[in-house]
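Undergrad: Next up is a structure, given as structure tokens.
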Amino acid sequence: MITVELDHSRLQEALRKVEWAVGDLAPLMKGIAAEMASVTEENLEEQGRPDWESLSSVTTERREQAGTWPGQMLQVSAGGLAASITTQATDSSALVGSNKPYAAMMHFGGKKADFPHLWGDIPGRPYLPMDVEGKLQPEAEEALLDLALQHLAKATRS
């Protein structure tokens with residue numbers, strides 16, 4: 001399992017303010033987890049934001065023979081990657097991810113030299129709400145900041 005921790009100072013500062021104002025972050029963390037899952041679903045549906053690199057000719061040929069092409073790049077089967085996306089939220093954290101063994105390879109990519117069982121290099125196709133360097137994508141950043149600020153505004157009105 002691969003864990004990527006986001007180090008995003010703007011979001012972290014907003015969350016610290018919310019925590020100070022309201023104490024209980026569990027509802028906010030639940031909202032953040034749900035929003036990250038929503039962004040992930042949109043990324044899979046739209047095949048990347050920005051667009052992912054096209055499949056190789058070898059992959060498209062194999063998928064044509066299997067009857068799964070044309071189609072969406074990371075949504076080959078009903079029980080595949082898109083269906084495996086789950087969330088978890090605690091009092092202080094929000095997680096989104098997949099338990100599929102190939103999930104990290106699809107997000108970050110991989111080289112045949114490092115993984116000899118591959119039939120070629122796989123480019124990263126970031127479907128989680130961050131790029132391959134762990135930077136939160138703009139859509140996710142704005143949505144999560146809005147959630148944090150709404151939570152803070154609600155707490156300060158009480």
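Undergrad: Among 98, 74, 124, whose Cα projects farthest towards the positive end of the dipole of segment 9-157, with charges put on the beta-carbon of Lys, Arg (+1) and Asp, Glu (-1)?
TA: It is 98, whose Cα lies furthest towards the positive end.
Undergrad: Viscosity 1.306 mPa s, temperature 10 °C: Stokes-Einstein D of segment 9-157 from its Kirkwood Cα radius, in µm² per second?
TA: Answer from the Stokes-Einstein relation: 94 µm²/s.
Undergrad: Follow-up question, since we're still on this one. How large is the Kirkwood hydrodynamic radius of segment 78-158, counting all unique pairs of alpha carbons, in Å?
TA: For segment 78-158, inverting the mean 1/r across all distinct Cα pairs yields 15.2 Å.
Undergrad: Which loop trypsin sites (Lys or Arg not before Pro) in segment 67-158, with loop taken from DSSP, have no more than 15 other Cβ atoms within 10 angstrom of their Cβ?
TA: In loop regions of segment 67-158 (DSSP not H, G, I, E or B), the sparsely surrounded trypsin sites (Lys or Arg not before Pro) are 111, 112, 135.
Undergrad: Going through segment 79-158, which chymotrypsin sites (Phe, Trp or Tyr not before Pro) have at most 15 other Cβ atoms within 10 Å and a DSSP loop state?
TA: Those satisfying the criteria are 102, 119.
Undergrad: If I fit a long axis through the Cα atoms of helix 138-157 and take the longest principal axis of the Cα atoms of the chain, what angle between them do I get, 0 to 90°, rounded to 10?
TA: The helix 138-157 is inclined about 20 degrees to the chain.
Undergrad: Could you work out [θ]222 nm for the chain from helices alone, using -39500 (n - 2.57) per DSSP H run of at least four and dividing by all its residues? Round to the nearest 500 deg cm²/dmol.
TA: Result for the chain: -14500 deg cm²/dmol, rounded to the nearest 500.
Undergrad: Separation between the residue 135 and residue 95 pseudo-spin-labels, each 7 Å from Cα along Cα→Cβ, expressed in nm?
TA: Roughly 2.7 nm, to one decimal.
Undergrad: So if we plug the beta-carbon distance of residue 117 and residue 42 into 1/(1 + (r/R0)^6) with R0 = 30 Å, what FRET efficiency do we get, rounded to 0.05?
TA: 0.45
Undergrad: Select from 141, 41, 133 the residue whose mean-square fluctuation is largest in a Gaussian network model of the chain (Cα-Cα springs shorter than 10 Å).
TA: Sorting by GNM fluctuation, first place goes to 133.
Undergrad: In the Gaussian network model of the chain, springs joining C-alpha atoms below 10 Å, which of 125, 16, 62 carries the largest mean-square fluctuation?
TA: 62
Undergrad: Ratio of segment 11-74's C-alpha Rg to 2.2 N^0.38 Å, to two decimals?
TA: 1.80
Undergrad: For the chain, with only Lys/Arg (+1) and Asp/Glu (-1) charged at the beta-carbon, what is the dipole magnitude about the Cα centre, in debye rounded to 20?
TA: Roughly 280 debye, rounded to the nearest 20.
Undergrad: Find which of 65, 155, 89 sits farthest along the positive direction of the dipole of the chain, computed with +1 on the beta-carbon of Lys and Arg, -1 on that of Asp and Glu, about the Cα centre.
TA: The one lying farthest along the dipole's positive direction is 89.
Undergrad: Still on this structure, I have one more. Lysines near residue 30 by alpha-carbon distance under 20 Å, same-chain residues fewer than 8 away left out - which ones?
TA: Once the sequence-local lysines are set aside, what remains near residue 30 is 17, 154.
Undergrad: Let me make sure I get this right: for segment 58-118, a, b and c are the square roots of the gyration tensor eigenvalues over alpha carbons, sorted descending. Under 1.5 in a/c it's rounded, otherwise prolate if a/b > b/c, else oblate. Which is it?
TA: Because a/c hits 1.5 or more and a/b fails to exceed b/c, segment 58-118 counts as oblate.
Undergrad: Still on this model: With springs connecting C-alpha atoms under 10 Å apart, model the chain as a Gaussian network and identify which of 146, 131, 114 has the largest mean-square fluctuation.
TA: Comparing 146, 131, 114 in a Gaussian network model of the chain, the most mobile one is 114.
Where a number appears in this text, it was derived from the coordinates with a stated rule and is not lab data. Nothing here was measured: the structure is a model prediction, and the numbers come from that model. Cβ atoms come from the backbone with ideal geometry, glycine included; neighbour counts cover every protein chain shown.
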